[in-house]
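What follows draws every value from the coordinates through simple rules; no lab data is involved. The structure presented is a predicted model; accordingly, all values stated were derived computationally and were not measured. All Cβ positions, glycine included, derive from the backbone under ideal geometry; neighbour counts span all protein chains shown.
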Amino acid sequence: METLGHDASGFRARGSFDAGEQPGGDRLERLIQTALAPVTGTSRGYYLWVAFLLMVIAWGIYAYSRQLQDGLIVTGMRDRISWGLYITTFVFFIGISHAGTLISAILRVSQARWRTPVTRMAEFITAVALICGALFVIIDMGRPDRVLNIILYGRWQSPIVWDVLAITTYLTASIAYLFLPMIPDLALFRDRLAGRAAAWRTWLYGLLAVRWQGTGAQWRSMGAAITTAMILIIPIAVSVHTVVSWIFAMTLREPWNSTIFGAFFVAGAIFSGIATLIIVMAILRKVYHLEEYITEKHFVYLGYLMAAFTLIMMYGNVSEYLTTGYKMTEETEFHFRQLFLEQFAGFYWFYIVGGLVVPGLLVLLPWTRNIWGVVVAAILVDAAMWVERYFIVVAGFRVPLMPYEPSTYAPSWVELSVVAAGFALFALLITLFVKVFPIIAVWEVAEDLEGVEITPAAGRLAPELAGGGGS
C-alpha cells in the first residue's frame, strides 16, 4: 500500500509502509530528528560552556565599566595611536560576517546543491558577527552616549557616517535573508513541538512561522522573496567592507593611501568568512552529530574556495607593496622597515606564511585535503587575518605625520578583557541560536533526499511524520 505523508511545512515522503520500507520517509524523519535534537535535549556540557562564556563576558563588562568610569586613559591608546584592539576586532568581525549572506547568496545564485546543509550556519554567523562588530565601534568611542550624535549631527561627507549606514543596512538585510528560508523549518518546529516544548517556544515558533501551511502560493511567495534578497545582499555585502576600507583609505596616513583597499578588504573579508564558517561548521558537526549531512565534501569544497582566495590575497599583497615600494617615499620606507624587519615583523610574516602559504598548501596537497587539514587551515587563516587587521591599524598609525619620535602601543588589560568578552559573546550567541532555531535548513536538505519531495501540502501533519505532535 502506497501512502503519502504530509506536514504543514510542505514536506512529502513516499514509502511502502506494508513492507516495512520507507526509504524517503526514514531519511526525512532522521533529518527532522537531527534538526530537533539540539532543541529537545541539553547536556551538562552545554550548561558548563554557557557558564564559562558568561564569566568571560562578565569580566569584560567589569573592564568596560572601568573604562566608562575613568575614560580611555585605561587603554593603551593615546593621541598618536588612537585605534587599537577595538577597531582591529571591529574590522575582523565585519569581515567574517561575509561568511553568511555573501557566500550563501553566491552559492544560491550558482545553484551549487552541495551548499544546502551549511547555508543556515553561514547565514546566522553573519547576523551574530555584525552585532558583535558594531558593539566595538561603540566601545571604541569611549562615550557611548555620543552614538546618537552620529545620527543627529553626522556629516554625510564623513566615511564614518557611510559606515554606520552601510552596517545598519547590511544587518537588516542579513536578518531578513536568514529569516526567509527559515520559515518552513519554523513551521515544522511549531508542529512537531506542539504540546512537547515550553510555552515560550510554542509561542515563538507560532509567531515566527507567520501562519505557514506550505501552500503553493506561500512557496511561490517565499521563493520570490529569497531570490530578491539574495540578489540584493551581494552588492550590499560588498559595499559594507568597501566602506569599512574607506575609513582607512580616506584618512591622511601614508600606509593607508591605497586605491585597492576596497577590493583588498572585500577579498580578505570573504577569505576570513570562509575560514570562520569552516570552524563553526566543524564544531557544530561534532557536537550535534551532523556527520550524515555535513560530510568531508563540504569541507573540501569550502577549502577550495579558501585556497582560491589565498591566491587573491597574495596578489593583493604583491600589488599593494610593489607599487608603493617602487616609489619608496620616506614614510613608506619607515612603514616597510617596521613591517618587514622590526616591530611588526613577527605579525607580518606569520600572516604571510601562516595565513596564506601554509593554508593554501594544506588544502591543495592530497594528503592534507581532508576535514582536519581544512579545519587547521581555517584556524590559521582566521588567526592571521586578525593579525593582519592589527598591523594595518596600529602600524598605520605609528608612521609619523611630522618629524617626531614614533609612538608605541601596547593594549591594556581592559582592552584585552573587552576583546575576549567580544569573542565570548560571538560564541554565546551562536550557542544560544542553535538551541532555539533549526541548525540546518531542513526543507533544502530534504530536497536532495531520494524519495522525498517538497511540495505544496495543505492540511495537518500525518501521524507517521508528526510523531504524535501534529498541529
Could you give the nm distance between label points at GLU333 and TYR62, where each point is 7 Å from its Cα heading toward the beta carbon?
5.0 nm
What list do you get for MET222, MET402 if you sort them by fewest beta carbons within 10 Å?
MET402, MET222
Determine the calculated [θ] at 222 nm for the chain from helices alone, applying -39500 (n - 2.57) to every DSSP H run no shorter than 4 residues and normalising by the residue count; nearest 500 deg cm²/dmol.
-22000 deg cm²/dmol
Inter-part distance where the range 114-139 and the range 339-406 are each reduced to a Cα centre, Å:
22 Å
Would the range 358-420 count as rounded, prolate or oblate if I go by the C-alpha gyration tensor, calling it rounded below 1.5 in a/c and otherwise prolate when a/b exceeds b/c, oblate otherwise?
oblate
Using a/c under 1.5 as the rounded threshold, could you call the range 31-177 rounded, prolate or oblate? The axes a ≥ b ≥ c are square roots of the C-alpha gyration tensor eigenvalues, and prolate needs a/b larger than b/c, oblate otherwise.
oblate
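Once the piece of chain linking ILE151 and THR323 is laid out straight, how much longer is it, given 0.36 nm per residue of separation minus the C-alpha distance between them?
Values: separation 172, 0.36 × 172 = 61.92 nm, distance 3.81 nm.
Value of the extension gain: 58.1 nm.
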Cα centroid distance between the range 222-269 and the range 425-442, in Å?
26 Å
Inter-site label distance for LEU232 and THR202 at 7 Å from Cα along Cβ, in nm:
3.5 nm
Correct semi-axes for the chain, from √(5λ) of the alpha-carbon gyration tensor and rounded to whole Å with the largest first, are 45, 24, 20
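With 10 angstrom as the radius, rank TYR86, TYR288 by how many other C-beta atoms surround their C-beta, starting from the fewest. Could you put the intermediate results ahead of the total?
Details: TYR86 25, TYR288 17.
Going from sparsest to densest Cβ surroundings: TYR288, TYR86.
Where nothing but the Cβ of Lys and Arg (+1) and of Asp and Glu (-1) is charged, how large is the charge dipole of the range 173-289 around its Cα centre, in debye to the nearest 20?
Numbers: 9 positive and 3 negative charges, 104 e Å.
Rounded to the nearest 20 debye, it is 500 debye.
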Normalising by the residue count of the chain, find the relative contact order in percent from Cα pairs under 8 Å and 6+ residues apart.
35 percent
Cβ density ranking, 10 Å radius, fewest first, applied to GLU444, GLU291 yields GLU291, GLU444
Between ILE160 and MET250, what is 0.36 nm times their sequence separation minus the Cα-Cα distance? Round to one decimal in nm.
31.4 nm
